[in-house]
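Scroll down for the structure; my scribbles are underneath it.
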Amino acid sequence: KKVIPLGASGSSATQLTSSSEVSSLASTIVAYADDTTSTSTSTSEVRSALNRLACLQINLDVLERTGVARAVRRCAKKAASEGGDAGLASVARRLLLKWKDDVVTEDRLKRRRLRGGVAKK
């Protein structure tokens, strides 16, 4: 599985737009994670943002620059806490695992390219 970075067309405007989209989705998740009363951001809004993030192919640079992974981790912890939404926590944890797998795959591809494309036996 190859991770296709956002803005793969080479256009910096595409990259910027994609980063801003990720930031926008992350702000919804942060609002939920920071809200102690859980009234301003509904779980359905957060679940929708998490599902949208899961559909995007996000490279490591965008994850680091936007801080979205940190926001999703905080969201998962809050949702899993006492009286939280277990389904929402599950969606957030699956997204974190997906990103972790994508980063490992991207790292393997980089190492393979550095070795000249020869796989170890």
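The values are calculated or read from the model by the stated rules, or taken from the named source; none is laboratory data. Everything numeric in this text was worked out from a predicted model, so none of it was measured. So basically every Cβ, Gly included, is an ideal-geometry build from the backbone, and we count neighbours across all protein chains shown.
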- Message: Out of everything in the stretch 53-85 that is among the aliphatic types (A, V, I, L, M), out of contact with any Phe, Trp or Tyr (no Cβ under 7 Å at 6 or more places or on another chain) and surrounded by fewer than 20 Cβ atoms within 10 Å (Cβ to Cβ), what residue ends up being modelled with the lowest pLDDT?
- Response: L60
- Task: Quickly run through the stretch 28-71 and pick out the residues that are among the hydroxyl-bearing types (S, T, Y) and without any contact (Cβ under 8 Å) to a residue 40 or more places away in the chain.
- Result: T28, T36, T37, S38, T39, S40, T41, S42, S44, S48
- Over the stretch 24-47, the set of residues modelled with pLDDT of 80 or more and either surrounded by fewer than 16 Cβ atoms within 10 Å (Cβ to Cβ) or touching a Phe, Trp or Tyr at 6+ places or on another chain (Cβ under 9 Å) (or both) is S24, S27, D34, S42, T43, S44, E45, V46
- Has the stretch 7-18 got at least one residue that is touching a Leu at 6+ places or on another chain (Cβ under 7 Å), modelled with pLDDT under 80 and not aromatic (F, W, Y)? yes
- Message: Going through L50, L109, L88, L97 one at a time, which residue ends up being modelled with pLDDT of 90 or more, assigned to a helix (DSSP H, G or I) and out of contact with any helix residue (DSSP H, G or I) (no Cβ under 9 Å at 6 or more places or on another chain)?
- Response: L97
